[in-house]
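Taking it in order: structure first as structure tokens, then the write-up.
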Amino acid sequence: MMGEALDKEYVLHSYGRNYVQFTQGKNATLWDSEGKDYIDFASGIAVCSVGHGNERLAGAICDQAKKLIHTSNLYYIEPQARLAEKLVKLSGYDMRVFFANSGAEANEGAIKIARKFGESHEGEVKRYKIITLESSFHGRTITALKATGQEKMHHYFGPYPDGFVYAKNLDHVFELVDEKTCAVLLELVQGEGGIEPQDREGIKKLERFLKERGVLLMVDEVQTGIYRSGELFASQAYGIVPDVITVAKGLAGGVPIGAVMTTLKDIFAPGDHGSTFGGNFLSTRAGLEVLSILESLYQEGTLQKSIDRFSAELRALCVEFPSLFECEVGFGLMRGIRAKSAEIQKSVIDEAFKKRVLVLRSGRNTVRFLPPLTLSEREMQEGFSRLREALKGI
Ligand code: PLP
């Protein structure tokens, strides 16, 4: 047995999987088992931030694997401390970092920070409520799923932990904050919710409002983080200083990692939180290499140029295909085009795949683009020329 049959026989079916077999990649190009090339505008859902087959990342992973992969958090881990230092120094945020393995686990850490913060509050009323936004996405563990403001995802798996409240929009958050609220958790650009950026002034106003009330502002940067927004964190682009930031996806270029960063530097005591794999030698060494690559890309201005070109290409598509698209949306290299219907959205993704361009689905009928941040001009041009061909057929 092999391929699709093998997968279907032995793997639990929780994904609507496409059975293309990718065997190799170089930057934003993938090759399948028949040697056909694809332009990757999805980067493994914002994970392969430095592209596929990146020599520097592969070299760092290889070198580290030969020395040490894992010793556990019972002992000092040099690249972990260095990666924490780098995240703090590059962001300019006065924080400490806890490492986990995924976005959901990072958000679990954030929720535990919020609850411990609420617990230690010296008021008469226990603070435990966490406000999140409708259409948000925070992960698949039971608590992260409950934090996710999409009722359709809460059908099974209950009972869920208490204390999550969903705001319809940013303005509604102000109304929902009460004496029992310990934190607000939100994405600055909703990734699964249609590449929907929050209003800048609204976010700044919320930051001030929450600080005055001693309520934590926690920003889920699992998708927006690690230069995807054009800055290391979208929070910087918004000019805010959150109390908690979570990251994952692009941080180690494909090696599983997650992290929660907080200004509450002493919130946890030994035993309060932990993770066997979190922050091990392999993932944090990979994270260090990824940040070093992306830092140069950012400082040279190459990243901004790619963002400008990519966005201009998408705007042009909206003008050329007004019967298919409403508008271009997004931030940095986290972008989307809003299709006029769910059927059109599906056709665009399917037809793009037939022309060998990978793009993603998102909420609000959005076709989502999350290319590697190292995407070359040639790959971008090739991807858009294939995409145009695909759209002509719809
Ligand atoms: N938070 C956001 C904003 C995400 O986009 C995702 C994944 O798409 C998650 C959390 C969950 O991350 P993971 O799948 O690594 O658990």
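The values are calculated or read from the model by the stated rules, or taken from the named source; none is laboratory data. Computed from a predicted model, the values in this text were never measured in an experiment. Please note: Cβ atoms are built from the backbone with ideal geometry, for glycine as well, and neighbour counts cover all protein chains shown. Please note that ligands, DNA and RNA were not included when accessible areas were found on the heavy atoms of the full protein model with its side chains. Shrake-Rupley method; radii C 1.70, N 1.55, O 1.52, S 1.80 Å.
Arrange the peptides 214-223, 82-91, 28-37 so that the one whose residues have, on average, the most other Cβ atoms within 10 Å appears first.
The peptides rank, most packed first, as 214-223, 82-91, 28-37.
Given labels modelled 7 Å from the Cα in the Cβ direction, how far is it in nm from residue 31 to residue 178?
If labels sit at residue 31 and residue 178, their model points lie 6.1 nm apart.
Given a 1.4 Å probe and every protein chain left where it sits, what share in percent of the accessible area of the range 136-218 is carbon and sulfur?
Within the range 136-218, the accessible surface is 50 percent carbon and sulfur.
Where Rh is the Kirkwood radius over the Cα pairs of the range 252-394, the temperature 20 °C and the viscosity 1.002 mPa s, what D in µm²/s does Stokes-Einstein return?
122
Give the peptides 324-332, 264-272, 47-55, 365-373 in descending order of average Cβ contacts within 10 Å, highest first.
The most tightly packed comes first, giving 365-373, 47-55, 324-332, 264-272.
Which residues among the range 229-268 fall inside the zone where the amide N is under 14 Å from a point 7 Å beyond the Cα of residue 141, along Cα→Cβ?
Of the residues in the range 229-268, 246-248, 257-261 have backbone N under 14 Å from the label point off residue 141.
Using just the helices of the chain, give the 222 nm mean residue ellipticity in deg cm²/dmol: DSSP H runs with n ≥ 4 each add -39,500 (n - 2.57), and the total is spread over all residues, rounded to 500.
Only helices count here, giving -12000 deg cm²/dmol.
Work out how much length residue 22 to residue 124 would gain on full extension: take 0.36 nm times their residue separation and subtract the Cα-Cα distance, in nm to one decimal.
In short, 31.0 nm is gained.
Write down the accessible area per residue of the chain in Å², having rolled a 1.4 Å probe over the full set of protein chains.
Working: 17950 Å² over 394 residues.
For the chain, the per-residue accessible area is 46 Å².
Estimate the FRET efficiency between residue 85 and residue 4 by the formula 1/(1 + (r/R0)^6), using the beta-carbon distance for r and 35 Å for R0, to the nearest 0.05. Present the calculation step by step, with values, prior to reporting the outcome.
Working: r = 45 Å, r/R0 = 1.29.
Calculated transfer efficiency: 0.20.
Could you list, in their original order, any pairs among 112/211; 129/346; 126/205; 36/305; 67/305 whose Cα atoms are separated by more than 31 Å?
Too far apart for the 31 Å limit: 129/346; 67/305.
Please work out how much length the chain gains when fully extended from residue 157 to residue 327, using 0.36 nm per residue of separation minus the C-alpha to C-alpha distance, in nm with one decimal.
57.5 nm
Students often get this wrong: which residues of the range 13-41 have the backbone nitrogen under 20 Å from the point 7 angstrom along Cα-to-C-beta of residue 58?
Counting only backbone N, you get 21-41.
Using Cα centres only, tell me the gap between the range 38-54 and the range 309-381 in whole Å.
15
Once neighbouring chains are kept in place and the probe is 1.4 Å, which whole percent of the accessible area of the range 281-339 is contributed by carbon and sulfur?
The value for the range 281-339 is 51 percent carbon and sulfur by accessible area.
Could you sort the peptides 6-13, 64-71 by per-residue average Cβ neighbour count (10 Å cutoff), highest mean leading?
Going by the mean number of other Cβ atoms within 10 Å, highest first, we get 64-71, 6-13.
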